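One structure is given below, encoded as C-alpha cells.
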C-alpha cells in the first residue's frame, strides 16, 4: 500500500508561471520507505492559452540512501488548447545514468462543465443559494433536455 503526498506550490502572473511539486511517496508494510521525487516547472505565457517552458523531474529514491541511481530529466514543453481540449507536448533528456536518455510525452486534458457555472468560472445565476432557498427547480441543469 502506498500514499503519495503531492503539494503544488506556484506563482503565476500574466507572463510567467513557476510551479514546484515536492512529492513524497510513502510505502507501508514490512519494507515501508519514503521516496522523494520533486518536480519543477517554469513556463512563459504566450497568450491565448499557449505556453512554452521547461520542466524538471527527479526521483532521488529512498530518503537516506545514496544518490547514485537517482533519476533526473529536463523537458522542453509546450501547452495549448485545441477547442476544449488542453494539450501538453514535451521532449525530455535524462541528466543522470539512472534516467531514461530521451523521452517524449503528450498529455491531453478536458475540464468537464460544472452545473451552475459558465465557462469563465462565474455563476450563471445571481440568486445566492442559502438554507431554505428553493433548489432552483425552474432552471434545467445544463445536461438535461427540455
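The values are calculated or read from the model by the stated rules, or taken from the named source; none is laboratory data. Bear in mind that the values here come from a model prediction, so they are computed numbers and not experimental data. Cβ atoms come from the backbone with ideal geometry, glycine included; neighbour counts cover every protein chain shown.
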| Top-ranked residue of the range 88-104 - restricted to ones that are modelled with pLDDT of 95 or more and loosely packed, with under 14 Cβ neighbours inside 10 Å, ranked as nearest to residue 50 (Cα to Cα) | 91
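From the set of residues in the range 41-50 that are farther than 22 Å from residue 102 by Cβ and assigned to a strand (DSSP E or B), which is modelled with the lowest pLDDT? Give the steps one after another, and end with the answer.
If we filter the range 41-50 for residues that are farther than 22 Å from residue 102 by Cβ, which is where we start, we get 44-50.
Adding the requirement that they be assigned to a strand (DSSP E or B) leaves 44-47, 50.
On the way: 44: 98, 45: 96, 46: 97, 47: 93, 50: 96.
Looking at the filtered set, the residue picked out is 47.
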| message | Give all pairs with beta carbons closer than 8 Å in which a residue from the range 87-109 that is in contact (Cβ under 8 Å) with a residue 12 or more places away in the chain meets a residue that is surrounded by 11 or more Cβ atoms within 10 Å (Cβ to Cβ) and outside any strand (DSSP E or B); count only pairs at least 6 apart in sequence or on separate chains. | response | 96/70; 97/69; 98/69; 98/70
| note | Within the range 51-72, residues being surrounded by 15 or more Cβ atoms within 10 Å (Cβ to Cβ) and at pLDDT 95 or above number 5
| field | Test for residue 29: is it within 16 Å of the chain's Cα centre (by Cα) and loosely packed, with under 13 Cβ neighbours inside 10 Å | value | no
